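**Student:** I'd like to ask you about the structure that follows.
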Amino acid sequence: MTMADHDGQATVELVALLPLLLITALAAAAVIAAHTAGEQAGQAAEAGAVALLRGDDAHAAARAALPDGARRRAAIAVRGRRVTVTLTPRLPIRAREPHLTAHVTADAGPEAAP
């Protein structure tokens, strides 16, 4: 084999690897976005539970605990002494968002005895 036979080999290998690198980067972004959504949902649910203990509006407290961009993608439910926050992550591929949605529930504890 001569040197001329190897011309372009590195370019062909790079072009072959680019799709794999793109898929890996998108998968890493999805994992990070899902983890972030879980953390944000957890903080919001806890803020809602604390508001219940204080006698404040749990729904408003949970919504206020979320970053501005996440508020549009969040669903907050208050049932009794439990606050559940469902948050869909923002992903580069929207088709995967429902599969990585975070659901976090915080419990404010039992009702206080009269």
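**Student:** Could you tell me which label, among (i) 33, 19, 14; (ii) 49, 11, 9; (iii) 24, 21, 11, carries the value of semi-axes √(5λ) of the Cα gyration tensor in Å calculated for this structure?
**Tutor:** Only one listed value fits the structure, namely (ii).
**Student:** Now for a separate question. Based on Cβ point charges of +1 for Lys and Arg and -1 for Asp and Glu, what charge dipole magnitude is obtained for the range 25-78 about its Cα centre, in debye rounded to the nearest 20?
**Tutor:** Values: 5 positive and 5 negative charges, 34 e Å.
Once rounded to the nearest 20, the dipole reads 160 debye.
**Student:** Near VAL78, within a Cβ-to-Cβ distance under 15 Å, what is the net charge of the other residues, with Lys and Arg +1 and Asp and Glu -1?
**Tutor:** Residues close to VAL78 contribute a combined charge of 0.
**Student:** Can you list the HN-Hα couplings for the range 11-17, worked out from phi with the Karplus curve (6.51, -1.76, 1.60; θ = phi - 60°), rounded to whole Hz and with x for Gly and Pro?
**Tutor:** Per-residue couplings from phi come out as 5, 5, 5, 5, 4, 5, 7 Hz.
**Student:** Further, regarding this structure: Obtain the nm distance between the two label points defined at ARG94 and VAL31 by a simple spin-label model: each point lies 7 Å from its Cα along the Cα-to-C-beta direction.
**Tutor:** Each label point lies 7 Å from its Cα, and together they span 2.6 nm.
**Student:** Toward the positive end of the charge dipole of the range 14-107, about the Cα centre and with charges on Cβ (Lys, Arg +1; Asp, Glu -1), which of ILE23, ALA44, GLY55 goes farthest?
**Tutor:** Value: ILE23.
**Student:** So what's the back-of-envelope 222 nm ellipticity for the chain, counting only DSSP H runs of four-plus at -39500 (n - 2.57) apiece and dividing by all residues, rounded to 500?
**Tutor:** Result for the chain, helices only: -18000 deg cm²/dmol.
Every read-out reported here was derived from the displayed coordinates using simple, explicitly stated rules and does not represent laboratory data. Predicted model, so just to flag it, every value in this text is computed and none were measured. Cβ: placed from backbone, ideal geometry, glycine included. Neighbour counts: every protein chain shown.
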